[in-house]
Amino acid sequence: MQRKFIVGNWKMNGALANNETLLKEVANGVAKMPGVDCAVCVPFPYLAQTQSLLHGTSIKLGAQNVHQANKGAYTGEVSVSMLSDFNCDYVIVGHSERRNLFGESSQLVAEKFASVQKAGLLPIICVGETLEQRETGITEAVVTEQLAEVSKLLGEQSFRTSVIAYEPVWAIGTGKTATPEQAQEVHAFIRKNIAGFDEEFGQALCILYGGSVNPTNAAELFSMPDIDGGLIGGASLVAEDFLAICNAGQK
Ligand code: 13P
């Protein structure tokens, strides 16, 4: 089993004045946890501040979105080369909030995924079903469709240099976590769906769970064989909580 990877997704939260305290507390805590890997994905305006505060720490830097083109007349957008300027290691693509609130299709998400990889950064691609889709029994079909465009565009092997995050939409920000068994079932499906019977490939895949992960439920989720870590929203804004989750991921 690989080391757990815990990623904070701040979403549209943060403030110049508060970020410093949060990041310093997180960095100090993580420095005492050699058995876990961490990253924080912050809003674009705070990349410079976060880059400088994380300098010399083991915590990696990530962004939450990117435009698929490298430059041009796309007012208000940010390209991956700009993210590279801040030494970002990761970029979240296809978060359900982007898919649902901003109409991002799986095809567009695949283009963003490609652009991130082409620049040498690692995409964190999010997939997950709504409550209605779960209740209709089409969870597997939904996540398959969400990943298929990447396979079509770049081939299955491209997932080797990426992170996949399974985030059931009904569990995001609702306090309603998927049970470890529910999450495990989908994680195992995703691994098999991408890697087939290639065991080495399957083990190389990093599949995070996201959706109301907190200090109380983290250890149980991370104990499941196919859960390689977590993508943490709300709890990543509170140093104590985020650190407790990182600690739960320590080997
Ligand atoms: P919460 O942890 O706030 O449920 O958010 C999960 C998420 O969407 C992380 O990307």
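Scattering from the C-alpha atoms of the range 133-251 alone, worked out with Debye: what is log10 I(q)/I(0) at q = 0.22 1/Å? Evaluating at q = 0.22 Å⁻¹ gives log10 I(q)/I(0) of -1.27.
Toward the positive end of the charge dipole of the chain, about the Cα centre and with charges on Cβ (Lys, Arg +1; Asp, Glu -1), which of THR161, ASN100, THR21 goes farthest? Farthest towards the positive end: THR21. For ASN65, the shell of other residues with beta-carbons less than 14 Å away shows a net charge of 0, using +1 for Lys and Arg and -1 for Asp and Glu. Positive-end ranking of GLY229, HIS55, GLY173 along the dipole of the chain, with charges on Cβ about the Cα centre, is headed by HIS55. What the phi angles of the range 218-235 give under the Karplus curve with 6.51, -1.76 and 1.60, with θ = phi - 60°, is a coupling list of 4, 4, 5, 5, 6, 7, 6, x, 9, 9, 9, x, x, 10, 10, x, x, 5 Hz, glycine and proline written as x. Annotation: amide H-H contacts under 5 Å for CYS41 (H modelled 1.01 Å from N, sequence separation of 5 or more, or interchain): GLY8, ASN9, TRP10, GLY62. The range 193-251 and the range 1-75 have Cα centres separated by 17 Å.
Using the Cα centre as the reference, give the magnitude of the dipole from point charges on the C-beta atoms of the chain (Lys, Arg: +1; Asp, Glu: -1; all else neutral), rounded to the nearest 20 debye. Charge dipole of the chain: 560 debye, to the nearest 20.
Summing Cβ point charges (Lys, Arg +1; Asp, Glu -1) relative to the Cα centre of the range 46-156 gives a dipole of roughly 400 debye.
D by Stokes-Einstein for the range 5-66, Kirkwood Rh over Cα pairs, 37 °C, 0.692 mPa s: 280 µm²/s.
Obtain the nm distance between the two label points defined at GLU185 and ASN87 by a simple spin-label model: each point lies 7 Å from its Cα along the Cα-to-C-beta direction. Modelled inter-label distance: 4.4 nm.
Looking at the range 91-136, the accessible area is 43 square angstrom per residue; that uses a 1.4 Å probe and ignores ligands, DNA and RNA. Could you work out the relative contact order of the chain, using alpha carbon pairs under 8 angstrom and six or more residues apart, expressed as a whole percent? With pairs under 8 Å counted, the relative contact order is 23 percent. Projecting the Cα atoms of ASN247, CYS88, HIS187 onto the dipole axis of the chain, where Lys and Arg carry +1 and Asp and Glu carry -1 at the beta carbon, places CYS88 farthest toward the positive end. Divide the volume of the convex hull around the Cα atoms of the range 11-157 by the residue count and you get 145 Å³ per residue. Taking N as the residue count of the chain, its C-alpha radius of gyration divided by 2.2 N^0.38 Å amounts to 0.94. With all protein chains in place and a 1.4 Å probe, the accessible surface of the chain carries 53 percent carbon and sulfur.
The charge dipole of the range 139-241, taken about the Cα centre with unit charges on the Cβ atoms of Lys, Arg (+1) and Asp, Glu (-1), comes to about 180 debye, rounded to the nearest 20.
Amide H contacts of GLY210 (H built 1.01 Å from N, in plane; Pro and chain starts excluded): TYR166, GLU167, LEU231 sit under 5 Å, all sequence-distant by 5 or more or on other chains.
The values are calculated or read from the model by the stated rules, or taken from the named source; none is laboratory data. Just so we're clear, the structure is a prediction, and the values are computed from it rather than from any experiment. Here the Cβ is made from the backbone with ideal geometry for all residues, glycine too, and neighbour counts use every protein chain on show. The accessibility values were calculated without ligands, DNA or RNA, using every heavy atom of the protein model including side chains. Shrake-Rupley method; radii C 1.70, N 1.55, O 1.52, S 1.80 Å.
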